[in-house]
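Structure first, then comments.
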Protein chains: 2
Amino acid sequence: MTKIDHLGIAVESIAGARSFYEALGLHVAHEETVEHEQVRTAMIPVGNSRIELLEPLQEDSAVGRFLKKRGAGLHHVALHVSDIEAVLAELKTRGARLISDKVQVGAGGHLYFFVHPSSAGGVLLEICQDAPDAPQEPGA
Amino acid sequence: MTKIDHLGIAVESIAGARSFYEALGLHVAHEETVEHEQVRTAMIPVGNSRIELLEPLQEDSAVGRFLKKRGAGLHHVALHVSDIEAVLAELKTRGARLISDKVQVGAGGHLYFFVHPSSAGGVLLEICQDAPDAPQEPGA
């Protein structure tokens, strides 16, 4: 099972950006502050994917530096996979440049790692998988 | 019905870029040359969305100029909607900056228009809909 999990979009202000998506009939389902990344996030479901608005809490954060350098815009693309360790191993074999060389565990228990844009066609790419104890589809 | 239809990614070479996606277990399903945009495209299905690799056929094309200015990376995000005229009207009412002020008809008959990044959080956004005579879901 592979899909586009979400698109991370850096914005100056979630309050300012969300009205555009509301004009498209899309709505923020969930907001959250991620302290260790100094970012406020707003998740907007789009079909079985999501748009994740990213508003920095301080200038000297990953998203804050991105905004200062590039302005608002797409920050990363996240692909959802079913066997993240196999994908990591395959990319290492191929010599892809990774931001971290191990799978990380996110706030909700989901697994992820990032591939450097230089190895992913200029796109900062997140590979992610649901938390190992997340509810499975019947029969999965 | 709204979903992420595709992500357009500008690349120097489809041949060079596709191997990375193959490492993720993704494959090019279809390649096409779009003469009037002077671009070669390769569609990679990802769940019910697609990644569209865009290779310019000449430097003086929209994608060629993008590559020269920014390098490889995300070129546009396309959202699929069910009533494109209603979305266009709503965006006009809200004063969004549009690349064209009418719905365009694409090669396969699909409908689309583009919203300028200045009105869409820094992202060049395509709004699209299937061709009016495309097969519908049963009961739709």
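Each value in this text was obtained by applying a stated rule to the coordinates, not by laboratory testing. Being a predicted model, the structure only gives us computed values, none of them experimental. Here the Cβ is made from the backbone with ideal geometry for all residues, glycine too, and neighbour counts use every protein chain on show.
General remarks:
- Matching option when the condition is within 13 Å of chain A (Cβ to nearest Cβ) and closer than 21 Å to A:Val46 by Cα, among B:Leu7, B:Leu54: B:Leu7
- Given (1) of a type in the set (Gly, Ala, Ser); (2) in contact with a Pro (Cβ under 8 Å, 6 or more places away or on another chain); (3) buried (at least 17 other Cβ atoms within 10 Å of the Cβ), number of the condition B:Gly47 does not satisfy: (2)
- Inclusion of A:Val87 among residues that are of a type in the set (A, V, I, L, M), touching a Leu at 6+ places or on another chain (Cβ under 7 Å) and surrounded by fewer than 21 Cβ atoms within 10 Å (Cβ to Cβ) is not warranted.
- A:Ala17 satisfies every condition listed in (1) among the aliphatic types (A, V, I, L, M); (2) at the interface with another protein chain (Cβ under 9 Å from one of its Cβ atoms); (3) under 23 Å from B:Val46 (Cα atoms); (4) touching a residue at least 24 places away in the same chain (Cβ under 8 Å) except (3).
- Residue pairs whose Cβ atoms lie under 7 Å apart, separated by 6 or more positions or on different chains, with the first residue in the stretch A:67-96 and without any contact (Cβ under 8 Å) to a residue 40 or more places away in the chain and more than 10 Å from chain B (Cβ to nearest Cβ) and the second among the hydrophobic types (A, V, I, L, M, F, W, C) and surrounded by 13 or more Cβ atoms within 10 Å (Cβ to Cβ), are A:Glu85/A:Val103; A:Leu88/A:Val103; A:Leu88/A:Phe113.
- Taking the criterion of being surrounded by 17 or more Cβ atoms within 10 Å (Cβ to Cβ) and more than 21 Å from B:Val81 (Cα to Cα), the residues of the stretch A:15-41 that qualify are A:Val39, A:Arg40, A:Thr41.
- Test: residue in the stretch A:101-115 that is within 12 Å of chain B (Cβ to nearest Cβ) and crowded, with 19+ Cβ neighbours inside 10 Å: yes
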